[in-house]
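Structure first, commentary second.
The values are calculated or read from the model by the stated rules, or taken from the named source; none is laboratory data. All values reported here derive from a predicted model rather than from experimental measurement. Every residue, glycine as well, gets a Cβ built from its backbone with ideal geometry; the counts of neighbours run over all protein chains shown.
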């Protein structure tokens, strides 16, 4: 245990020192550095930075755990969070880069010649980004408290300080180079344990192939077949076919995550940092390479962790683990409350099944009692963090996972903070309230705004509002139902007018928020949901998390109907759109 | 020149349409709607539909972005509208 702690301190504080050094080397001196890193980032560098920016604590810690328990149903996250990059590369990134401004709301302002549109875009951006940051801050607190045994609050303060130093000092330039380092840390931390575990279980070091291989235990059985057998024996749904709320829901969920991904401002603004339209297309490709490295490993991590967990609790069918002989990792996670065992039948052994009732039921066919589940809590978030320990991997691997989790949370938080501070200082203050602000003052004000944003998000991380768990759905819902349709129509329909687009955005957000709130409570306050969270009331069986796509369809329809009323956009706007479609002459992203 | 612009844009739209069709087929088609019949087939230990949902679609997305990028670079050269 002591050795583990030492390694963890070295890994965590070693990487922090690296981030500080990079921040000092790449500090920003003007607004172009601060907002778009001077426009000189190469596509590969940008791809790595987008990867780190995009892959948050949720991707690193939670996703494999969700897949682990959902099986095939977890595919919505895998396809949804990668397929969005195809939409970005084909429909948005090149044209927005050609237009060459600093922020997403600024693009919307130029295209729709409307301050209202700009303010609506800023509001969507701030709500989506702030809700997202809360999750990152919580991730930082949890990682510190588990691995360094510092309490949650202090862990959060350290995290806030680290982000503050490199984000405020370096702006986009500092953040980009730090994110490149964080990507490298993150990907090693994710794949090294996966390689070890794949090697142990199947003899194949490549996790993507290991998942499709036979087990190395001499049985000659395929890993996935074995997993299907083990989970169905205990009454769980078959791993490789378990559905998530029906085909319609999975369809809508995947599509919502895809267009939500393509509409998230902190990802889009990264495309303003490359020197040309061709580089913008290429960096979407490199970004997906960097993301796919983790996302194609995640299903292997999920399935193998589930199999290892099952095998630990019930090594041979019918011979369950004796509670007093449980391994060290089991005890460690019990302390956090994320893993809980209750000896319901009093035999001192652990039973883990899908039967969650307390009543004793006799199976009619065999005449035996059906085993009752005694693992009353297995939090999905522990699957990635506990995975190396479950598989008995060396301590330095566990330390690396801690550093990787922190890198994932910090890099995403920094990207989101930049999106918030640039939209407030550049769009609201410079763009609307005080247009005569000098560049020096704008730079200063964005640093002040960023500091305030860090304090606010730190406060929300310390006192997470009751709705924190539901908020990521809201962030994706907003991006999918407002920002993505507005940008896409702006580029592909040159006649689309400002008032029509604003009407579309407002109705898209409106219907999405209404649906989420009526099922999950107004501002997620329990008891205020007027239709209840019950499935019978879901529109075509679509869960609130999957509703973004319906909001987007409403947005498109309302905008096109309103276009008939308002008439087409003015001639100079249509010319601007035509110019956006031709890649030549894209200078560096500039101010006005 | 105006004519050039229009053909450049329509060729681009055609490429986007082809790419998005493939994008839809590999993920929503093979990974979701046709998953059950495809699961009758195998790719090593993977059921084929399951493989498309958790692995194949991601590889296809990657291929699509790079293929589109390469095609567009050629198109940019053809119409001299590269930087």
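Could you say which residue among A:280, A:305, A:284 is at the interface with chain B (Cβ under 9 Å from one of its Cβ atoms) and part of a helix (DSSP H, G or I)?
A:284
Just checking, does segment A:490-500 include any residue being touching a helix residue (DSSP H, G or I) at 6+ places or on another chain (Cβ under 7 Å), over 16 Å from residue A:87 (Cβ atoms) and buried (at least 24 other Cβ atoms within 10 Å of the Cβ)?
Yes: segment A:490-500 contains one or more residues that are touching a helix residue (DSSP H, G or I) at 6+ places or on another chain (Cβ under 7 Å), over 16 Å from residue A:87 (Cβ atoms) and buried (at least 24 other Cβ atoms within 10 Å of the Cβ).
Would you say residue A:54 is within 10 Å of chain B (Cβ to nearest Cβ) and under 13 Å from the mean Cα position of the chain (by Cα)? Explain how you work it out, then say what you get.
Working: within 10 Å of chain B (Cβ to nearest Cβ): no; under 13 Å from the mean Cα position of the chain (by Cα): yes.
No.
Let me spell it out: the conditions are (1) more than 21 Å from residue B:53 (Cβ to Cβ); (2) in a helix (DSSP H, G or I); (3) away from chain B (no Cβ under 12 Å), and residue A:102 meets all of them except one. Which number is the exception?
Every condition holds for residue A:102 apart from (2).
Suppose the filter is out of contact with any strand residue (DSSP E or B) (no Cβ under 8 Å at 6 or more places or on another chain), away from chain B (no Cβ under 11 Å) and modelled with pLDDT under 90; does residue A:264 pass it?
In short, yes.
For residue A:144, work out the one condition from (1) within 14 Å of chain B (Cβ to nearest Cβ); (2) crowded, with 24+ Cβ neighbours inside 10 Å it doesn't fulfil.
Exception for residue A:144: condition (1).
In this structure, is residue A:334 in a helix (DSSP H, G or I) and over 20 Å from residue A:182 (Cα atoms)?
Yes: the conditions hold for residue A:334.
Condition test on residue A:167, is it within 14 Å of chain B (Cβ to nearest Cβ) and either more than 25 Å from residue A:13 (Cβ to Cβ) or crowded, with 19+ Cβ neighbours inside 10 Å (or both)?
It is false that residue A:167 is within 14 Å of chain B (Cβ to nearest Cβ) and either more than 25 Å from residue A:13 (Cβ to Cβ) or crowded, with 19+ Cβ neighbours inside 10 Å (or both).
Considering only segment A:155-209, state which residues are touching a helix residue (DSSP H, G or I) at 6+ places or on another chain (Cβ under 7 Å) and at positive phi.
A:171
When you scan segment A:371-409, how many residues do you find that are farther than 30 Å from residue A:357 by Cα and in contact with a helix residue (DSSP H, G or I) (Cβ under 6 Å, 6 or more places away or on another chain)?
Residues that pass the stated criteria total 19.
Which of the residues spanning segment A:243-259 are touching a residue at least 40 places away in the same chain (Cβ under 8 Å) and surrounded by fewer than 24 Cβ atoms within 10 Å (Cβ to Cβ)?
Start the filter on segment A:243-259 by keeping residues that are touching a residue at least 40 places away in the same chain (Cβ under 8 Å), which leaves A:243-246, A:248-250, A:252-259.
A:243, A:244, A:245, A:246, A:248, A:249, listed by residue number.
Kindly indicate whether any position in segment A:186-208 is more than 11 Å from chain B (Cβ to nearest Cβ), closer than 30 Å to residue A:31 by Cα and either out of contact with any strand residue (DSSP E or B) (no Cβ under 6 Å at 6 or more places or on another chain) or assigned to a helix (DSSP H, G or I) (or both).
Checked against the condition, which is being more than 11 Å from chain B (Cβ to nearest Cβ), closer than 30 Å to residue A:31 by Cα and either out of contact with any strand residue (DSSP E or B) (no Cβ under 6 Å at 6 or more places or on another chain) or assigned to a helix (DSSP H, G or I) (or both), segment A:186-208 yields at least one hit.
Out of the residues in segment A:217-239 that are within 13 Å of chain B (Cβ to nearest Cβ) and surrounded by fewer than 19 Cβ atoms within 10 Å (Cβ to Cβ), state the one that is nearest to the chain's Cα centre (by Cα). Step through it out loud before you land on a result.
Of segment A:217-239, the ones within 13 Å of chain B (Cβ to nearest Cβ) are A:219-229, A:238-239.
Pick out the ones that are also surrounded by fewer than 19 Cβ atoms within 10 Å (Cβ to Cβ) and you get A:219-221, A:225, A:229, A:238.
Numbers: A:219: 38, A:220: 37, A:221: 35, A:225: 30, A:229: 31, A:238: 27 Å.
If we take residues in segment A:217-239 being within 13 Å of chain B (Cβ to nearest Cβ) and surrounded by fewer than 19 Cβ atoms within 10 Å (Cβ to Cβ), then A:238 is nearest to the chain's Cα centre (by Cα).
Considering only residues that are within 16 Å of the chain's Cα centre (by Cα) and more than 9 Å from chain A (Cβ to nearest Cβ), which ones fall in segment B:27-51? Explain how you work it out, then say what you get.
The initial filter retains those residues of segment B:27-51 that are within 16 Å of the chain's Cα centre (by Cα), namely B:27-31.
Hits for segment B:27-51 are B:29, B:30.
Can you tell me how many residues within segment A:564-592 are on the phi < 0 side of the Ramachandran plot, part of a loop (DSSP other than H, G, I, E, B), away from chain B (no Cβ under 11 Å) and modelled with pLDDT of 75 or more?
3
For residue B:67, are the conditions met, namely being in contact (Cβ under 8 Å) with a residue 40 or more places away in the chain and more than 9 Å from chain A (Cβ to nearest Cβ)? Let's see the steps before the verdict.
Details: in contact (Cβ under 8 Å) with a residue 40 or more places away in the chain: yes; more than 9 Å from chain A (Cβ to nearest Cβ): yes.
When the stated conditions are applied, residue B:67 passes them.
If residue B:56 passes every condition in (1) within 9 Å of chain A (Cβ to nearest Cβ); (2) surrounded by 20 or more Cβ atoms within 10 Å (Cβ to Cβ) but one, which one does it miss?
Result: residue B:56 passes all but (1).
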